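Novice: Below you will find the structure I want to go over with you.
A short reminder: the numbers here are calculations on the coordinates, not readings from a lab. As the structure is a computational prediction, the values presented were derived from the model and not from experiment. With ideal geometry, Cβ positions are generated from the backbone for all residues, glycine too; neighbour counts draw on all protein chains shown.
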Amino acid sequence: MGIVTPFPTGAVPGQVGFDRAELTRILDLYGRMVAAGHWRDYAMDLGKDAAVFAAFRRAAERPEFRIEKRPALRNRQGMWALIGEAGQVIRRGHDLAPVLAPVERRLMKLVEE
């Protein structure tokens, strides 16, 4: 057998990112919103202070929602935040699922119509 060489992750030291479970949850919601015809594009920004997932109705607009992960706020109001198009904080918390609940409810309303 040969020598197993670890795959280079390319992660920058000190960079905030999403782990697999978090990204799976976010992309699952994104896929359902795309299937409902509500979202068309997304962007991710992985920086030193925060990891941001932004969902767009169209590619040339401001994002309708931004999902932010800020580990520095973990012990205060929670590291997760759902931010609206105008920059208002819609929901903040310690867990991802309750923060995504307003978008999940909106998806239920879109399916019913």
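Novice: ³J(HN,Hα) across segment 83-94 via Karplus (A = 6.51, B = -1.76, C = 1.60, θ = phi - 60°), whole Hz, x for Gly/Pro?
Specialist: 10, x, 5, 7, x, 7, 7, 7, 8, 9, x, 8
Novice: Where does helix 20-35 land angle-wise versus the long Cα axis of the chain, in degrees 0 to 90, nearest 10?
Specialist: Between helix and principal axis, roughly 30 degrees.
Novice: Give or take rounding to whole Å, what are the principal axis extents of the alpha carbon atoms in segment 50-106, in descending order?
Specialist: Here the spans come out as 36, 24, 15 Å, largest first.
Novice: Please compute the modelled spin-label separation between H94 and L27, points set 7 Å along Cα→Cβ, answer in nm with one decimal.
Specialist: 2.9 nm
Novice: Find the relative contact order for segment 20-112 and round it to a whole percent, using C-alpha pairs within less than 8 Å whose residues are 6+ positions apart.
Specialist: Values: 141 pairs, mean separation 16.5, N = 93.
Once divided by the residue count of segment 20-112, the mean separation gives 18 percent.
Novice: Helix 96-112 sits at what angle to the longest principal axis of the chain, using alpha carbons and giving 0 to 90 degrees rounded to 10?
Specialist: 40 degrees
Novice: While we're looking at this one, here's another question. Which of V99, V34, V52 moves the most in a Gaussian network model of the chain with Cα springs under 10 Å?
Specialist: Per the Cα network of the chain with a 10 Å cutoff, V34 tops the list.
Novice: Taking only Cα atoms and a 10 Å spring cutoff, compute GNM fluctuations for the chain and point out the largest among R62, R70, R20.
Specialist: For the chain, modelled as a Gaussian network with Cα springs under 10 Å, the answer is R20.
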